[in-house]
């Protein structure tokens, strides 16, 4: 297979991880599979949003090779950068030459300003969803997904979601096994599906293989944490004997069925505790603990802190 040409369009203040994360993911597939170039309007050294971190770049006008994937990273300065008419003109020029466009975080603002997202669904960092929806009325801003694909345009949430998006691109280009190998190289979970909530770090299922037998079941569990999730109930739903199901849990999720369910519930409840003012008793019921005391004991086992302590420390 010929190298896949990837062009990053960067600009002053770009988020360093929105560039470095995807570049590292592409590199993890093998040096000959992706040809990555960083381009900017004028070329030269581009300062990122991280003090002391800058990227060397070439002038986008000098890029003559075909572009298979145009990546538009974001960051805190993304919405402001979208006001630069020269930069936006280059977004449009490069997008017309590209087979597909991938926007990370607030890079979606640049794509939107260039008219690439008109009438499409799009994701961005949760903090900027309201601003994007207000600024670009024709775009259906999806507030929860880690990444979205709408035709040839891919958009994602911010920071670590850039790697999830890149792994999805790699899977489309090179297949599951190469993407899985890249995920292992990066020591990240493969894969968090695009529809997963931006706030979740666990609910998509931490399994060793994307095609593992627990993938669909874990997604169902994440949507039904309030339900009866005893091992025998889940084994029946998975079409396995209780013994086989328990063995698959340990093999693919690294824990017993009971601990897996408790971990998922604790993670979901922790996010609700940090991000909302919902009473702890209500959170305990919603996520299947039954009552606040059971939830408290599960938190102490899993995260070595009580729900009250987490809300006091991290709650809004």
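Assorted remarks:
- Among residues of the stretch 272-294 being in contact (Cβ under 8 Å) with a residue 40 or more places away in the chain and crowded, with 20+ Cβ neighbours inside 10 Å, the one that is nearest to residue 227 (Cα to Cα) is 288.
- Failed criterion for residue 164 (all others in (1) assigned by TED's automatic domain parsing to the domain that holds residue 255; (2) within 17 Å of the chain's Cα centre (by Cα); (3) at pLDDT 55 or above hold): (1)
- Within the stretch 174-187, restricting attention to residues that are surrounded by fewer than 19 Cβ atoms within 10 Å (Cβ to Cβ) and part of a helix (DSSP H, G or I), the residue that is modelled with the highest pLDDT is 174.
- Filtered residues of the stretch 88-127 (kept if assigned to a strand (DSSP E or B) and buried (at least 24 other Cβ atoms within 10 Å of the Cβ)): 101, 102, 103, 104, 122, 123
- Inspection of the stretch 54-75 identifies at least one residue that is touching a residue at least 60 places away in the same chain (Cβ under 8 Å), within 23 Å of the chain's Cα centre (by Cα), on the phi < 0 side of the Ramachandran plot and outside any strand (DSSP E or B).
- Every residue from the stretch 31-48 that is out of contact with any helix residue (DSSP H, G or I) (no Cβ under 8 Å at 6 or more places or on another chain) and part of a loop (DSSP other than H, G, I, E, B): 31, 32, 42
- Checking each residue in the stretch 144-156 for being without any contact (Cβ under 8 Å) to a residue 40 or more places away in the chain and either surrounded by 14 or more Cβ atoms within 10 Å (Cβ to Cβ) or touching a helix residue (DSSP H, G or I) at 6+ places or on another chain (Cβ under 9 Å) (or both) picks out only 150.
- Summed over the stretch 79-98, the residues that are in contact with a strand residue (DSSP E or B) (Cβ under 8 Å, 6 or more places away or on another chain) and farther than 17 Å from residue 43 by Cβ give a count of 3.
- Residue list for the stretch 217-229, filter: touching a residue at least 24 places away in the same chain (Cβ under 8 Å) and part of a loop (DSSP other than H, G, I, E, B): 225, 226, 227, 229
- Criterion violated by residue 211 - all others in (1) modelled with pLDDT of 85 or more; (2) within 30 Å of residue 157 (Cα to Cα); (3) touching a helix residue (DSSP H, G or I) at 6+ places or on another chain (Cβ under 8 Å); (4) surrounded by fewer than 16 Cβ atoms within 10 Å (Cβ to Cβ) satisfied: (1)
- Set 51, 79: member being within 26 Å of the chain's Cα centre (by Cα), in a loop (DSSP other than H, G, I, E, B) and free of Cβ contacts under 8 Å to residues at least 60 places away in the same chain: 51
The values are calculated or read from the model by the stated rules, or taken from the named source; none is laboratory data. These numbers were taken from a predicted model, which means no experiment stands behind them. When we count neighbours, we look across all protein chains shown, and the Cβ atoms used for this are built from the backbone with ideal geometry, even at glycine.
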